[in-house]
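Presented below is the structure to which this report refers.
The values are calculated or read from the model by the stated rules, or taken from the named source; none is laboratory data. In this text, all values refer to a predicted model and were calculated from it rather than measured experimentally. Cβ coordinates were reconstructed from backbone atoms using ideal geometry, including for glycine residues, and neighbour counts include every protein chain displayed.
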Amino acid sequence: MRAAGGRPLVALIGKLMPLFGIFLIMMAVDAAIIHVLYGVSFRGDPLLVAASACLLLIAYLSFGALLVLLTQALPTGLSLIAIFCNPAFGFAGVGFPVTAMGTFPQAWGSILPLRWYLQVLFDQAARGVPTANSVRPFLILAGLACLYFALAWARLRAIAYAPPKREPEPAPHLRYGRGVAIAMGNEVQRILGDRGVLGLIVLAPLAYGALYPQPYLGQVLRGIPIAVVDQDRTELSRDLVQALDSDEALKVAVRTDTLADAQAALNRHDVFAILAIPKDTEKQVLRGDKARIAAYVDAAYFLLYSRTLQGISEAASTVSADIATRGARREGSLVYAAEARSASPIDFLSQPLFNPTGGYASYVVPAAFILILQQTLLLGVASLGGAAYTIGGRATRWLRSGARAVFGQALAHLCFALPGLALYLIVLPRVYGFSTLGRLEDLILMAVPFVLSVSFLAQFVSAWFTRRETAILLFIAVSLPLFFQVGVSWPVEALPDFIRTASRIIPSTLAIDGFVRINQMGASIMEVGRDWTTLWILTIVYGLLAVIATRLASRNEAQP
């Protein structure tokens, strides 16, 4: 405000402009990597996508400023930002389509700039739809950018014209000593006395537990709208359309005479597939010839693509099997196929294991819960290390150094992590109807090395921090890459070998495999012995690194 001459608008723009420029360059580099290095073609309007990228940055920079200005405390504001941003991946419709979400996740997702930017990006870059079809999401994105910027500006004006009385953050009453119990008690005091850290370690898991599963609770895709272009207009085509509409995965939302009209509905997101039944299809079938029906399915959204194809295939199989009883030539290929199916000596029965509903939430949420626990604990403990130095200086850093201090602090972190572990492993799986086959003692045995290894890792990293913000910026940045490499969004068996090997140095990779096998599949701790043993190895390694790092940092601070 002083540099801006007391003008709030100038102060806000000046504060955000360097960040806007940095992130705009990053987005340009990302686009070059995708379209040049990986050869992904761009089919739409580049100017529209570039303008949308600018609006995305303005919206999120303004929203971040707004949260910090509302709380008037950087630690609390950054904690809220972490809670708001981390679940955005699911609400934006990347993993699970927006069309399959319930009312609340759709409403929550609608206030996220990311959702509307991704719609413009997918439509223009991947689908190549006419620019007019991207006007609506572009205008919504522009509205959100203007709204969040206006709110941040209004809040800054209110603060500028009525400056709050800033009171220094009180230092916790710490005991001086080198014992494990003293270190544990001091760490408890620090956590309870720091709203930002307490919010990350204790309150954030509660918020994530309520928010994160919401987009996926529909479990499976139902009623996907499709368009049918029926140029045959016969009994066979009507039966096929009826079979499509009867399949639980599909809903015939548009019936039209031309592919152009169906394509327009696809561009508007009214439908996600087009089935074209050409003229004389029934005649070909009655002659015993193989009829060809074209299905154009939107492959930009992978779950929609696979589920729609499955529904079309099921409907076509139903109609094909019915043809044999309605007068087709006995030598026709469809009749032979139907008879072969009915005369098969093998009766195939499919029974899904460990996920009875075959739902997406039952697959992705239990694994994501473990990653959330790791990230909130990393954020909280690492930011606490920076905050302790900011408040207490060298004396506090000395108190946090050494083997007994590191171990005592880890015990405190274990105590504060227990409610989140109980919530994610025992309570919420039963609330949301996920499989819960694990024994309590096995879950506890797996949880102890997991939490300790995460605590030691955070203490090792934070030994070099002098500001709490460093931890939040660092670990928020790595959250999404960790999500992709733990085998949740893509099977770990399909990852490159070097990524699979590198991911095993992160506690969540081993913990996800162990916890999912225990809780979802009913495995014992002995059956996940490899993961459990490796977690203990990580605990020892990170514990030693934390002791060494804290001693070195304390020694460096003691030097003049």
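Here is the figure for the range 213-237: residues that are crowded, with 24+ Cβ neighbours inside 10 Å and of a type in the set (Phe, Trp, Tyr) total 0. Of these, Val406, Val448, which one is touching a residue at least 40 places away in the same chain (Cβ under 8 Å) and among the hydrophobic types (A, V, I, L, M, F, W, C)? On inspection, the qualifying residue turns out to be Val406. Taking interchain pairs and intrachain pairs at least six residues apart, which have beta carbon atoms under 6 angstrom, with the first residue in the range 113-138 and touching a residue at least 24 places away in the same chain (Cβ under 8 Å) and the second in a helix (DSSP H, G or I) and among the charged types (D, E, K, R)? As it stands, the answer is Val129/Asp123; Ser134/Asp123, since those pairs meet every condition given.
A search for C-beta distances below 6 Å between a residue of the range 545-557 that is closer than 17 Å to Phe456 by Cα and any residue that is modelled with pLDDT under 80 and part of a helix (DSSP H, G or I), counting only pairs 6+ apart in sequence or on different chains, returns Ser554/Arg397; Ser554/Trp398.
On the stretch given as the range 263-316, residues that are surrounded by fewer than 16 Cβ atoms within 10 Å (Cβ to Cβ), among the hydroxyl-bearing types (Ser, Thr, Tyr) and modelled with pLDDT under 80 total 0. Just the residues that are assigned to a helix (DSSP H, G or I) and either in contact with a helix residue (DSSP H, G or I) (Cβ under 7 Å, 6 or more places away or on another chain) or among the polar types (S, T, N, Q) (or both), please, taken from the range 20-47. Selection gives Phe20, Phe23, Leu24, Met27.
Where helices (runs of 4 or more DSSP H) sit wholly within the range 374-492, those with at least 1 residues that are at pLDDT below 90 and either touching a strand residue (DSSP E or B) at 6+ places or on another chain (Cβ under 7 Å) or among the basic types (Lys, Arg) (or both) occupy 403-422, 428-432, 468-485. For residues that are part of a loop (DSSP other than H, G, I, E, B) and among the hydrophobic types (A, V, I, L, M, F, W, C), scanning just the range 143-192, find the one that is modelled with the highest pLDDT. Within the range 143-192, the match that is modelled with the highest pLDDT is Ala162. In the range 122-136, the condition of being in contact with a Phe, Trp or Tyr (Cβ under 7 Å, 6 or more places away or on another chain) and in the same structural domain as Ile25 (by TED's automatic domain parsing) is met by at least one residue. Restricting attention to the range 207-247 and to residues that are free of Cβ contacts under 8 Å to residues at least 60 places away in the same chain and assigned to a loop (DSSP other than H, G, I, E, B), the residue that is farthest from Thr318 (Cα to Cα) turns out to be Gln231. Given the criteria out of contact with any Cys (no Cβ under 7 Å at 6 or more places or on another chain), farther than 19 Å from Gln374 by Cβ and in contact (Cβ under 8 Å) with a residue 12 or more places away in the chain, does Met526 qualify? It is false that Met526 is out of contact with any Cys (no Cβ under 7 Å at 6 or more places or on another chain), farther than 19 Å from Gln374 by Cβ and in contact (Cβ under 8 Å) with a residue 12 or more places away in the chain.
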